[in-house]
1. Pairs of Cα atoms under 8 Å, at least six residues apart: use those to get the relative contact order of the chain, whole percent.
2. Rounded to the nearest percent, how much of the accessible area of the chain (1.4 Å probe, protein heavy atoms only) is carbon and sulfur?
3. In a shell of Cβ-Cβ distance under 12 Å around residue 6, excluding residue 6 itself, what net charge do Lys and Arg (+1) and Asp and Glu (-1) give?
4. Spelling out what I want: for every residue of region 15-28, take phi, set θ = phi - 60°, compute 6.51 cos²θ - 1.76 cosθ + 1.60 (Karplus), and round to whole Hz; glycine and proline get x.
5. Using the alpha-carbon atoms, what tilt in degrees (0 to 90, nearest 10) does helix 58-76 show relative to the longest principal axis of the chain?
6. Using a 1.4 angstrom probe, figure out how much accessible area the chain has per residue, in square angstrom, rounded to the nearest whole.
7. Using 0.36 nm per residue, how much length does the chain from residue 47 to residue 18 gain when fully extended, once their Cα-Cα distance is taken away?
Amino acid sequence: GNVQISLEAHPAPEDEDDDLLGLFTGWTYGEETAELDVLPPSVRLFVDNLREEAEDDPARFRDEVRTTMLHEIGHYLGIDEDGLEALGVG
């Protein structure tokens, strides 16, 4: 309920990388929100990059969306890249 999810064609110019499939921003679950940004945490999925990664194959696209969403939710839960890799969504 606290995480905003959006679909965008591409990452914005100020984002870290043009090739991102998804991006989590904001505070993680359990952080004290009074000291943090008033905006809710968010997951942004970049549809054109996901489609390119899946080489326009519908089954691969669904798998990429699922994996990317799980990856970004993992960041919301406070899991770092190594932890996500260990869970198979790195």
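1. Once divided by the residue count of the chain, the mean separation gives 30 percent.
2. 49
3. -1
4. Per-residue couplings from phi come out as 6, 4, 7, 5, 9, 4, 8, x, 8, 9, 9, x, 7, 8 Hz.
5. On a 0 to 90 degree scale, this one is about 20.
6. Roughly 67 Å² per residue, with all protein chains present.
7. My answer for the length gained is 9.2 nm.
The values are calculated or read from the model by the stated rules, or taken from the named source; none is laboratory data. Worth saying up front: this structure is predicted, and the values here are computed from it rather than measured. Cβ coordinates were reconstructed from backbone atoms using ideal geometry, including for glycine residues, and neighbour counts include every protein chain displayed. When the accessible area is computed, the model is the full protein with side chains, heavy atoms only, and any ligands, DNA or RNA have been set aside. Shrake-Rupley method; radii C 1.70, N 1.55, O 1.52, S 1.80 Å.
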